[in-house]
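Read the structure below first, then the notes.
Just so it is clear, none of the values below were taken in a lab; they were calculated from the coordinates. Worth saying up front: this structure is predicted, and the values here are computed from it rather than measured. Here Cβ is always computed from backbone atoms with ideal geometry, including for glycine, and neighbour counts include all displayed protein chains.
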Amino acid sequence: MLTDFGKILIFIILAIVFVIITLLISKLIRPNRPTFEKQKVYECGENPEGSPWVKFNIRFYVVALIFIIFDVEVVLLFPWALIYKEYGIYGFAVGLIFLLILGLGMAYEWRKGDLEWARPQPKPPKLSDILNRNSETLNSN
Amino acid sequence: MSSVPMEYYLILSAFMFIVGVTGVLIRRNAIVVFMCIELMLNSANLSLVTFSSYLGNPIGQIFVFFVMTVAAAEAAVGLAIIIAIFRNKLTVNIDEINIFKW
Amino acid sequence: MTNLYQSILLILPEIVVSSVLIILVLSDLIFHKDKRVIPFIAGLGIIVTGAFVINQFGITGFAFQTSSQTVRNYGMMAIDSFGVFFKLIVTASSLLILFFSHASNEIQKTKDRLGEYYALIFGMILGMFFMISATDMILIYLSMEMMSLSSYVLAGFTKLRDRSSEASLKYLIYGAVSSGLMLFGISIVYGMTGSTNLYVINSLIQAPQINLFALSFAIVLIFAGIGYKISSAPFHFWTPDVYEGAPITITAFLSVASKAAGFALLIRFIKTTFVSYIDSNGSWTLINVFDWKPILIGISILTMTLGNFSALWQDNLKRMLAYSSIAHAGYLLLGLVVFSNQGLIAILIYFIVYLLMNLGAFLIVMLVANKTGSEEIDDYNGLGYTSPLLAVSFAIFLISLTGLPPTAGFIGKLYLFIALVDAKMIFVAVIALLNSVVSLYYYIRVLKHMYLVKPTESTATVVPSLNNRILVLALAAPVLIFGIYFAPIVDLAKNCLVILGL
């Protein structure tokens with residue numbers, strides 16, 4: 001006697017077994033002649049340069065953090081949206097205050113410049129800097 | 001449709017909780033420690049939703065909404081602090097963050 | 001509907017705090033260039049809050065009543081005089097902390113982020129206020145997180161210092177773990193009773209079909225969350241590191257206000273959830289589901305012993321005061337283990353005293369650190385000769401922290417010991433007394449450095465400004481006065497015993 005979840009279990013098992021069997025069969029019957037070109041990470045196209053573990057710009061984290069906060073706060077609006085009519089103007093005001101505070105948070109981030117994407121600010125090297133650097137290298141030599 | 005017994009959810013939740021606690025205790029990377037803490041919170045969420053659904057009252061689900069929000073805020077604060085400490089020390093390994101001694 | 005409007009009237013102090021928080025954030029945006037006005041807004045906000053809190057004296061009621069399907073109808077928050085007392089403690093310490101922040105070089109150096117600082121302090125106050133009157137697990141969890149999240153950021157506020165951000169990270173990890181444990185405990189209690197309201201839980205856990213093992217497990221987990229906030233023994237590891245690394249103003253705030261809120265929460269949690277009956281002598285009868293008494297006695301003895309003995313070999317004064325504040329958490333827990341109104345009075349008295357003496361000690365450390373930039377005990381060599389005012393007041397605070405007459409600390413300890421002896425727990429009282437003797441060593445050691453060591457050329461001559469002198473005297477004088485004339489604080493404590501419940 002199978003329950004409904006039992007059927008799902010059988011389905012999952014079948015899916016796993018199917019994948020394993022197909023992979024095994026193809027492994028058995030395909031020719032295996034590795035060469036240097038084939039073993040590269042990207043078999044065609046660019047050669048990988050440097051380590052893949054590069055550091056991201058810290059701005060990505062800031063934007064992601066801001067996103068996650070506002071994304072999750074929306075969850076609190078769902079229950080409110082379902083019942084605010086029952087509470088009349090009071091219920092509406094509560095939600096409005098909540099949204100206003102969220103908006104204030106947004107304004108705060110905006111004003112503090114956390115939403116600005118980091119623009120490169122080119123610093124043309126000054127003549128004095130170059131001279132100093134040269135004199136330092138001279139001194140160290 | 002016959003339902004899954006409540007115990008299954010609770011066992012899964014307890015398992016997640018234990019994985020989270022163990023992770024906090026043995027992992028050394030601050031970010032991984034954070035992920036383990038999130039796992040702990042989510043295991044509590046799972047058991048809250050389970051109880052809420054089996055007891056038939058909505059308090060647990062409301063609680064889960066709040067826990068999710070708090071978890072997001074905690075993750076935000078945590079990541080910000082980890083970034084601050086990374087700027088100072090260039091590491092997020094908890095063993096190397098040890099100015100304070102007994 | 002009327003229920004909602006009444007609830008709003010009952011939580012006016014909290015509403016004021018949150019409006020001040022919003023105003024602070026707004027004014028941080030408006031006064032982008034010049035932040036000098038922000039401390040005044042914050043101070044004004046605290047005073048208004050205090051007025052609203054005092055106005056609540058004598059009012060009792062439940063805010064936000066939930067219409068649950070169970071027998072009784074209780075709310076999310078209980079407004080009672082016990083709560084008002086702790087809210088006053090929090091308000092008073094916040095006001096003092098605002099003055100401290102104004103005097104602290106460390107904080108004033110972070111000019112452009114001053115707005116954030118005050119806003120976060122108000123975030124902490126808001127969390128504490130809700131912690132103090134919360135009677136629903138949802139609100140308990142939310143308010144604890146509200147307070148914790150603000151304090152994590154504040155602990156690492158001077159982010160250019162390595163140790164500040166390290167303190168912040170440690171605080172955050174310990175805090176997040178303990179709140180995770182607490183949440184899991186709450187979910188188990190919810191599963192067993194189907195409610196998150198403490199009063200409903202109180203009536204439901206008396207039913208025989210409750211699984212006592214699971215309930216005890218859940219309670220231990222919940223206690224982990226609260227015990228972390230009051231830094232009681234097995235959960236105290238964060239305290240010394242955070243107290244040493246955080247800015248001194250925040251350290252002082254954490255050691256007084258956050259501890260007060262934690263204790264208010266613990267007492268209310270135990271009293272509303274586990275007390276079934278209060279007899280005419282004011283001693284509480286616990287529901288026979290969880291053996292609080294031996295556990296709390298063990299924890300409090302462990303807490304004060306660990307705190308006192310670790311403090312013995314600390315050379316950093318901030319760290320020493322951190323361990324001493326752990327020990328004081330142990331003493332305060334002693335007032336709870338007698339489970340009577342008398343013990344509760346002792347706790348309330350002790351908190352008034354603790355507020356004055358602990359903040360005072362931190363203030364002196366801060367003023368010296370302003371000048372010397374360090375908190376090492378060797379920098380206090382001969383301070384008694386170079387800066388007499390500070391040294392004398394420091395001596396008063398330290399003697400009071402030890403609990404010797406004629407200071408207020410003696411009165412606090414006296415009431416605790418009387419409560420213990422009346423409850424026939426002489427053995428515990430003796431251990432606490434021995435602990436006080438141990439603590440004498442490390443407090444007196446500071447005095448020795450200040451007075452018996454000749455000043456060297458590295459000894460700072462700290463001449464505080466007029467404001468700071470007034471501040472020091474305003475804290476030192478009550479410590480002496482309440483040591484002799486303590487009737488007002490005892491009366492205040494006796495009037496603040498109402499915890500809404502049975």
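Descriptive notes on the structure:
- Residues whose amide H comes within less than 5 Å of that of C:Trp284, counting only those at least five positions distant or on another chain, are C:Ser340, C:Asn341 (H built at 1.01 Å from N in the peptide plane).
- Averaged over the residues of A:58-66, the number of partner chain Cβ atoms lying within 10 Å of the residue Cβ comes to 3.
- Ignoring the sites themselves, chain C has its longest run without chymotrypsin sites (Phe, Trp or Tyr not before Pro) in a DSSP loop having at most 16 other Cβ atoms within 10 Å at C:58-236.
- Residues whose amide H comes within less than 5 Å of that of C:Met77, counting only those at least five positions distant or on another chain, are C:Ala63, C:Thr135 (H built at 1.01 Å from N in the peptide plane).
- Angle of helix C:388-402 to the longest C-alpha principal axis of chain C, folded into 0 to 90 degrees and rounded to 10: 30°.
- Within the shell of other residues whose beta carbon sits under 14 angstrom from the beta carbon of A:Ile97, the net charge comes to -2, with Lys and Arg scored +1 and Asp and Glu -1.
- The trypsin sites (Lys or Arg not before Pro) found in segment C:20-103 that occupy coil by DSSP, while having at most 14 further C-beta atoms within 10 Å, are C:Lys33, C:Arg36, C:Arg72.
- Taking every residue in B:47-54 and counting other chain Cβ atoms within 10 Å of its Cβ, the average works out to 4.
- Cα-centre dipole for the protein assembly as shown with unit charges at Cβ (Lys and Arg positive, Asp and Glu negative), debye to 20: 740 debye
- Computed E for A:Phe98/B:Tyr54 - FRET, C-beta separation, R0 30 angstrom, nearest 0.05: 0.45
- Virtual spin-label span in nm between C:Asn105 and B:Arg87, 7 Å along Cα→Cβ: 2.3 nm
- Taking Cβ atoms as reference points and 10 Å as the exclusive limit, the residues near C:Ala176 contribute a net charge of -3, counting Lys and Arg as +1 and Asp and Glu as -1.
- Chain C: relative contact order as a whole-number percent, Cα under 8 Å and 6+ apart: 15 percent
- Crossing angle, helix C:292-311 versus chain C [Cα axis fit, 0-90 degrees, rounded to tens]: 10 degrees
- The distance linking segment C:95-115 with segment C:476-502 is 30 Å (Cα centroid to Cα centroid, whole angstrom).
- Two-decimal Rg to Rh for chain B - Kirkwood Rh, Cα set: 1.12
- In degrees, nearest ten, helix C:317-337 long axis to first principal axis of chain C (Cα): 30 degrees
- Trypsin sites (Lys or Arg not before Pro) within segment C:417-502: DSSP coil, no more than 10 neighbouring Cβ in 10 Å: C:Lys424
- Percent of Cα-Cα distances greater than 20 Å, calculated over segment C:1-66: 41 percent
- Backbone phi angles across segment C:164-170, fed through the Karplus curve with coefficients 6.51, -1.76 and 1.60 (θ = phi - 60°), yield HN-Hα couplings of 5, 6, 5, 4, 4, 5, 5 Hz in residue order; Gly and Pro are listed as x.
- Taking C:Arg319, A:Arg59 and counting other C-beta atoms within 10 Å, the order from fewest to most: A:Arg59, C:Arg319
- Estimated dipole of chain C in Debye, rounded to 20 [Cβ of Lys and Arg +1, of Asp and Glu -1, Cα centre]: 280 debye
- Percent RCO, i.e. relative contact order, over segment C:90-147, from Cα pairs under 8 Å lying at least 6 residues apart: 30 percent
- Over segment A:10-95, the hull volume per residue, using the convex hull of the C-alpha atoms, is 216 Å³.
- Each residue in C:His32, C:His102 was given a count of other beta-carbon atoms within 10 angstrom of its own, and listing them fewest first yields C:His32, C:His102.
- Estimated translational D of the protein assembly as shown in µm²/s (Stokes, Kirkwood radius over Cα pairs; 25 °C; 0.890 mPa s): 87 µm²/s
- Stretching the chain fully between C:Leu44 and C:Arg163 yields a gain of 39.6 nm (0.36 nm per residue, less the alpha carbon separation).
- Relative contact order (%) - segment C:294-502, alpha-carbon pairs under 8 angstrom, separation at least six: 29 percent
- Take each residue of peptide B:84-90, count the partner chain Cβ atoms within 10 Å of its Cβ, and average: the result is 5.
- Distant-in-sequence amide H partners of C:Asn197 (H built 1.01 Å from N, under 5 Å): C:Met137
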